[in-house]
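Take a look at the structure set out below.
Derivation of every value follows stated rules applied to the coordinates shown; laboratory data play no part. All values derive from a computational prediction rather than experimental measurement. A quick note on method: Cβ atoms are made from the backbone with ideal geometry, for glycine too, and the neighbour counts reach across all protein chains shown.
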């Protein structure tokens, strides 16, 4: 299915999931359609509704926080999204920063970074760099714990598979010519 028609195909399902007072069966419908279902997350910006963030995204979680954050973005800015997840803030920032601006999205979980790239491709954003690394307070190597439920992955100990990740924001900034200061 073409990425251009996904919003049209998704619209009736998303409308039902968001507004129907009948709760029974919504989760099953979301699971059955998650391979192609997209929802609007801002004017002209769409995201796939797959993975554990799908249901909260459908319910409009963090809308006030998103509006507040995005109200500060101006054309030409360079934005860092730390813990980008599937790119809700990344894509809003990319749209507002425009072609003269750039967004550096940091998402160390490989499965989530893949979904982030899929969302960026869906929207055609070319001004975003996905950095598949964890960031913390020191330069060097850290252990990032990947959990089968993506939202539980962290630098802290959790049950699940662990991967190593280099944390070096200075190297990234110098390599991509980020503004200093």
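Given their separation in residues at 0.36 nm each and the Cα-Cα distance between them, residue 114 and residue 143 gain 8.5 nm when the chain is fully extended. Fewest neighbouring Cβ atoms within 10 Å first, the residues 145, 19 line up as 19, 145.
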